[in-house]
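The values are calculated or read from the model by the stated rules, or taken from the named source; none is laboratory data. From a predicted model like this one, the values you see are computed outputs, not experimental measurements. Cβ sites come from the backbone with ideal geometry, for glycine too, and all protein chains shown count toward neighbours.
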Amino acid sequence: MIRLSKALALVAAAVLFVAACGGNGTGSATTTFKGTKKVGISLPLTGQSNLYGHAKSQALRLAAEDINAKGGVNGYKIEMDVIDDGTTVPKAVDNVNQLILQDQVIAMMGSVTSGQCAAQTPIVKQNKIVYIDSTCNSYQLTLEPDLLNPYWVSIVPNTYMEGTSAGAEAAKLGAKKIFIVSPNYLFGTSETNAFVAALTKKNPNVTFNDKSTWYVPFPTNPRWDSTINAIQAFQPDLVYSNIFSQDQVNFVKQALAVDPNFFTKYQMVTLSSIDDFNALGPQYPQGMHVYMRAPFFQLSNSKLDAWVSEYKTKYNEYPSDWALMDTDALNLWAQAANKAGTFDSDKVMSQILGKSFSSLRGYNFTVRTQDHQANVGETIGTTTDSAGKYPFVVLKDSSNLKGDDIMMSTTLMQEMLDGKCEKGGDPKTANFALCPSWK
């Protein structure tokens, strides 16, 4: 009986020890935390970009759960503080003030549109809040002198990287007559200018629709009749566009209603994501030349595959590019804050800049110290049927472009940081194309 009592006591002690250490690591219910710290995000759960806000919010909550299951950050449980901005700039500004001043968040994840991010960055800077940007991506956010922010980090390919990649794809296709349609705000103009500069550098004889017709209001009126009619009248070799989310969904549906062969007659190079694929399902045109930031099916690796399975089990849907990148974003911040041993933003940033981070994307990336831009890649390919594997199209003839190959050169980057680039100029060029090294 004495031996039995001792044995039972040892078993009980072992159970208590395992419980105190968090059990098998599947949850944080038994972990003793010092308290709870909030990480904030203002995103569109409604409005034009609601598809992306939905994915981002789900991914960040799941990422926080996984971080907490491993002990949290600096001994604290992490809670995501998510507020809807309706895809509007004024609400995004109100939200960031609330998150910082009232909710006392210790870090922020990036919003969706570049207009929102540009409006938020002065507030973030003033309050010294680390901001990990994984969606809004205008290169001006890290390069334009009046927007520079020591607490800003971009782990999404910026508009220079994307526009340059799209321009190279259009040149490869041999297109000579291009119709451009893009949203008229910082992201749309920035990425379009990069596209035009890259394409005209390879093919100086290419022609475009009149620049006055390149841009459409953002968020766009749900009707695309005038744009569709203009494309048909122009008869281009190729349509280039970076419209996204609900705008892209509406455009595709309405173009197909006008002409079921619209995207066969007019090949298209466009920004897209799994959210756009999923929203249209079998309606998403095959043969579209799309550039994507992080399609899980193209970047498959053991770590990513396990996360996709976890995400799908929890939410009963496949994760989009935005979900993947936001997971990388929160994990980057958590890793840096744990290494810093503090939530002090300057010390956390010292563990981010110039450091290498693993990612779900299957490669390590480094955040460049000068412009806080990570050397993350882009995927480009042609849409095709998935043969029943997924409820949306996938890519064929695709390439995973390396971040180092598409990043802005250090010379051009420094010229922009130093404010040496002219404004305006030839409508076929971008502002960065008027920097000394591009003349």
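Among the conditions (1) touching a strand residue (DSSP E or B) at 6+ places or on another chain (Cβ under 7 Å); (2) touching a residue at least 12 places away in the same chain (Cβ under 8 Å); (3) more than 19 Å from Ala107 (Cβ to Cβ), Tyr363 misses just one, which is (1).
Among the residues making up segment 219-246, those that are within 17 Å of Glu191 (Cβ to Cβ) and either free of Cβ contacts under 8 Å to residues at least 12 places away in the same chain or buried (at least 20 other Cβ atoms within 10 Å of the Cβ) (or both) are Leu238, Val239, Tyr240, Ser241, Asn242, Ile243, Phe244, Ser245. Hey, any hits in segment 209-224 for a residue that's closer than 15 Å to Val290 by Cα, modelled with pLDDT under 95 and not in a strand (DSSP E or B)? For segment 209-224, residues closer than 15 Å to Val290 by Cα, modelled with pLDDT under 95 and not in a strand (DSSP E or B): absent.
Quick grid of which residues meet (1) touching a residue at least 60 places away in the same chain (Cβ under 8 Å); (2) assigned by TED's automatic domain parsing to the domain that holds Lys56; (3) not in a loop (DSSP other than H, G, I, E, B):
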{"site": "Ile123", "(1), (2), (3)": "no, yes, yes"}
{"site": "Lys128", "(1), (2), (3)": "yes, yes, no"}
{"site": "Thr135", "(1), (2), (3)": "yes, yes, no"}
{"site": "Ala171", "(1), (2), (3)": "no, no, yes"}
{"site": "Ile180", "(1), (2), (3)": "yes, no, yes"}
{"site": "Gly188", "(1), (2), (3)": "no, no, yes"}
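I'd like to check something: does segment 145-158 contain any residue that is over 29 Å from Thr327 (Cβ atoms), surrounded by fewer than 21 Cβ atoms within 10 Å (Cβ to Cβ) and either free of Cβ contacts under 8 Å to residues at least 24 places away in the same chain or not assigned by TED's automatic domain parsing to the domain that holds Leu330 (or both)?
Our first condition is that a residue be over 29 Å from Thr327 (Cβ atoms); within segment 145-158, this holds for 145-146.
Next, only the ones that are surrounded by fewer than 21 Cβ atoms within 10 Å (Cβ to Cβ) stay: 145-146.
From what is left, the residues that are either free of Cβ contacts under 8 Å to residues at least 24 places away in the same chain or not assigned by TED's automatic domain parsing to the domain that holds Leu330 (or both) are 146.
Looking for residues that are over 29 Å from Thr327 (Cβ atoms), surrounded by fewer than 21 Cβ atoms within 10 Å (Cβ to Cβ) and either free of Cβ contacts under 8 Å to residues at least 24 places away in the same chain or not assigned by TED's automatic domain parsing to the domain that holds Leu330 (or both), one finds at least one in segment 145-158, hence yes.
Residues that are under 26 Å from the mean Cα position of the chain (by Cα), outside the structural domain of Ser134 (by TED's automatic domain parsing), modelled with pLDDT of 95 or more and hydrophobic (A, V, I, L, M, F, W, C) do not occur anywhere in segment 227-236.
For every residue, the table says whether it meets (1) in a helix (DSSP H, G or I); (2) surrounded by fewer than 24 Cβ atoms within 10 Å (Cβ to Cβ); (3) in the same structural domain as Tyr76 (by TED's automatic domain parsing).
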position	(1), (2), (3)
Leu256	yes, yes, no
Pro260	no, yes, no
Asp276	yes, no, no
Lys303	yes, yes, yes
Val308	yes, yes, yes
Lys312	yes, yes, yes
Tyr318	no, yes, yes
Thr327	yes, no, yes
Leu330	yes, no, yes
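Provide a single number: the residues in segment 62-77 that are of a type in the set (A, V, I, L, M, F, W, C) and in contact with a strand residue (DSSP E or B) (Cβ under 6 Å, 6 or more places away or on another chain).
Here is the first cut: in segment 62-77, the residues of a type in the set (A, V, I, L, M, F, W, C) are 62-64, 67, 69, 73.
Then keep just the ones that are in contact with a strand residue (DSSP E or B) (Cβ under 6 Å, 6 or more places away or on another chain); that gives 64, 67.
Number satisfying all stated conditions: 2.
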